[in-house]
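A quick write-up on the structure given underneath.
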Amino acid sequence: MRTLLFALAAAFAFAAPAYAACDLTPVIGARADARPSQDLMITLEIHNLGDTNCPGTIEAPPGASYMVDIFLSTDRNAPSTWAVYNATWREDVLLRGGRVSRTHSVGPGVNVRYGAPSYEIGPFTLPSGVPPGDYFLCAGVDLGNRVAESNEHNNVACNPIQILPLLTIDPRRVPRLPQPQPLPIPQPR
């Protein structure tokens with residue numbers, strides 16, 4: 001028994017030390033439907049599930065700090081690196097205004113909410129030409145992999161969003177306004 005205890009103690013003594021790292025994960029809130037080219041307001045919160053500070057761009061150099069991309073996708077997968085803006089629809093398109101580049105450092109176990117006091121940020125503009133259907137509005141944190149994290153697989157959060165067709169006006173269905181009638185001319189008395 002003593003030999004077994006000694007062997008277990010030795011195994012733990014030579015085990016690699018745990019390495020401390022931050023672990024960023026986003027939480028996004030958005031409306032359930034929208035139309036192409038429409039402006040959206042969102043809620044955004046960044047959680048640090050790790051045990052060290054995650055540097056933001058306000059306190060750290062851009063090459064060593066995180067930013068957040070807001071993008072539209074047909075799935076919940078992030079692009080392989082930063083999302084790219086385009087005025088017209090394509091997969092994983094960065095929304096206009098959708099890069100949150102002024103970010104706060106997030107301490108271990110801390111959550112940071114953006115957009116105080118109402119905690120809404122934006123507006124972010126959807127691209128034109130998005131076909132009607134079901135999509136995901138996503139927030140991707142540190143897609144450029146500038147911050148070392150203990151878990152790089154939880155950096156995207158998505159909300160389902162239905163893209164509605166553009167509103168079109170059929171001129172045959174527009175009600176006609178009544179024609180103004182001339183006012184009577186006053187007659188002298």
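Each reported figure results from applying straightforward, stated rules to the coordinates on display, with no laboratory input. In this text the structure is predicted, and so the values were computed from the model without any measurement. Ideal geometry is used to build each Cβ from the backbone, glycine not excepted, and the neighbour counts take in all protein chains shown.
The region of the chain that goes longest without hitting one of the chymotrypsin sites (Phe, Trp or Tyr not before Pro) in a DSSP loop, each with at most 12 other Cβ atoms within 10 Å, is 20-189. Helical content alone sets the calculated 222 nm signal of the chain at -2000 deg cm²/dmol, taking -39,500 (n - 2.57) per DSSP H segment of four or more residues and averaging over every residue. Summary of the geometry: region 140-189 and region 49-111, compared by the centres of their Cα atoms, lie 25 Å apart. (1) 19.8; (2) 25.7; (3) 21.7: which one is Kirkwood radius over Cα pairs in Å as calculated from this entry? The value matching this structure is (1). For the chain, the relative contact order comes to 29 percent (Cα pairs under 8 Å, sequence separation of at least 6).
How far is helix 2-13 tilted, in degrees, relative to the longest principal axis of the Cα atoms in the chain, given as a value from 0 to 90 rounded to the nearest 10? The answer is roughly 50 degrees. Under a 5 Å amide H cut-off, with hydrogens placed 1.01 Å from N, Leu143 pairs with Met67, Asp69 among residues at least 5 apart or on other chains.
Shown here for region 63-153: trypsin sites (Lys or Arg not before Pro) in loop regions (DSSP other than H, G, I, E, B) with at most 12 other Cβ atoms within 10 Å, namely Arg76, Arg90, Arg102.
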